[in-house]
Amino acid sequence: MQINTFRFFLLGLLFSISLNGFASGEEKTGDEKFDPKEMIMHHVKDAHSFHLWDWDGHPVSISLPVILWTDNGLTTFMSSEFHHDNSGTHIVEKNGGKFVNLHEKVYQLNDGETSVTFDAEHHPTNAVKPYDFSITRNVFMMWVSVLVLLLIFIGAARRYKKSENFVPKGIASFVEPLIVFVRDEIAVPMIGEKTYKRYMPYLLTIFFFVWINNIFGLIPIVNGANVSGNIAFTFTLALFTFIITTLVGNKNYWKHIFWMPGVPVPMKIFLMPIELIGMMVKPISLMIRLFANITAGHIIILALMSLIFVFKSVAVAPVSVAFALFITVIEIIVTAIQAYIFTVLSALYFGMATEEAEH
């Protein structure tokens with residue numbers, strides 16, 4: 001009973017840290033109305049720094065490098081030079097250019113301009129976006145996840161090397177069941193025993209990589225490093241699956257796309273564009289499924305916590321926190337489920353591309 005109470009207290013503490021983080025980050029002055037949409041989108045989107053909390057009215061954050069390629073060449077500086085401003089009012093002068101941070105997108109002012117001007121839709125009219133290679137918090141957390149995976153698997157490999165009869169110990173005892181699960185429950189049934197080994201490195205990589213990044217997205221101290229909720233991240237993973245599927249597709253696979261066997265010629269002509277569209281839709285569904293599920297979970301949690309500030313009542317807090325904790329527990333499960341689904345569908349596409357014709 002004491003352990004369960006401690007766990008509940010720990011979850012509540014984590015939520016209070018999260019709540020303090022986004023509340024302080026969106027602190028309003030005067031009678032300005034709290035905008036939950038602005039707050040939620042601010043925390044779901046990528047950013048150039050990690051905002052941790054406010055101390056004595058000043059934000060405490062971890063700055064990240066801003067790396068730009070402009071007409072004057074390579075320009076680099078730390079995001080702290082924007083002074084935590086993302087409204088485009090603070091100008092940073094570097095390498096002969098003037099730069100502003102507008103909703104976490106860096107713009108360069110045109111020559112002779114001293115401030116940003118906007119059109120009716122609040123788009124800058126006197127600034128352009130340079131080539132941005134900055135280390136944002138999503139990029140940083142991807143590097144962290146790669147480092148964590150390397151430490152886990154290198155440590156597991158060393159455990160196997162030191163153990164007798166390859167008996168798993170330590171971290172290896174945690175990793176081995178997961179690897180066996182991916183092999184026996186995903187790769188072999190979806191691809192087949194003859195060819196599944198070729199695809200195991202990729203399947204294991206995306207399973208653990210997606211899972212680790214999903215877990216990092218739930219940690220309050222990371223403060224919104226929503227890697228799997230970034231469409232560019234899911235697009236890249238889906239693109240890799242599409243490229244592999246296209247390259248390994250055998251004669252039988254392409255025949256079923258371009259000239260369906262066993263059906264009349266008019267029907268073959270009718271089915272060919274449908275099959276081509278289906279071939280393109282598969283990676284798109286992979287991309288959107290992972291992106292939408294992870295992003296939706298974050299938005300729901302932030303929306304529930306926003307109710308406290310919308311109603312401006314402490315009485316709403318227990319209900320909001322309780323429901324947010326419930327959604328967080330579901331999110332913990334979803335982190336593994338989405339990694340599993342992405343891996344299963346990738347393996348299914350590989351199996352369909354390499355399946356031999358039945359005689």
Practice problem: Please report, in whole Å, how far the alpha carbons of region 225-311 spread along each principal axis, starting with the longest. | Solution: 65, 25, 14
Quiz item: Which value in Å is the Kirkwood Rh of region 65-134 over different Cα pairs?
Solution: 12.0
Quiz item: trypsin sites (Lys or Arg not before Pro), restricted to region 147-196: which are DSSP loop and have at most 15 other Cβ atoms within 10 Å?
Solution: Lys169, Lys194
Self-check item: Dimensions (Å) - region 139-354, Cα atoms, principal axes, largest first
Solution: 70, 55, 27
Self-check item: Signed unit charges on C-beta, dipole axis of region 74-134, positive-most listed residue Phe118, Gly88, Pro130
Solution: Pro130
Quiz prompt | Size of electric dipole in the chain: Cβ of Lys, Arg +1 and of Asp, Glu -1, about Cα centre, debye, nearest 20 | solution = 1480
Quiz item: Taking the Cα centre of region 56-120 as origin and charging only Cβ (+1 Lys, Arg; -1 Asp, Glu), how large is the dipole, in debye to the nearest 20?
Solution: 140
Quiz item: Using a Förster distance of 22 Å, how high is the FRET efficiency between Lys37 and His83, based on the Cβ-Cβ distance and rounded to 0.05?
Solution: 0.35
Quiz item: What spacing in nm lies between the two simple spin-label points modelled at Leu150 and Asn126, each 7 Å away from Cα in the Cβ direction?
Solution: 4.6
Quiz prompt | Cβ-based net charge around Leu239, under 15 Å, with every Lys or Arg adding one and every Asp or Glu removing one | solution = +2
Quiz item: Which net charge results when you count Lys and Arg as +1 and Asp and Glu as -1 among the other residues whose beta-carbon is under 13 Å from that of His122?
Solution: -2
Quiz item: Gain in length, Met280 to Asn95, computed as 0.36 nm per residue apart minus the alpha-carbon separation, to one decimal in nm?
Solution: 62.3 nm
Quiz item: Under a Cβ-Cβ cut-off of 11 Å, what is the net charge of the residues other than Lys98 that fall near it, where Lys and Arg count +1 and Asp and Glu count -1?
Solution: -2
Quiz item: Can you list residues whose amide H is under 5 Å from Gly88's amide H, if they're 5+ apart or on another chain and H is modeled 1.01 Å from N?
Solution: Asn101, His103
Self-check item: By average C-beta atoms within 10 angstrom, highest first, the peptides 196-207, 257-268, 40-51
Solution: 40-51, 196-207, 257-268
Quiz item: So between Asn250 and Ser313, what do we pick up on full extension, going 0.36 nm a residue minus the alpha carbon distance?
Solution: 16.4 nm
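Computed from the coordinates by the stated procedures, all read-outs in this text should not be read as laboratory data. Worth saying up front: this structure is predicted, and the values here are computed from it rather than measured. Neighbour counts run over all protein chains shown; Cβ positions are idealised from the backbone, glycine included.
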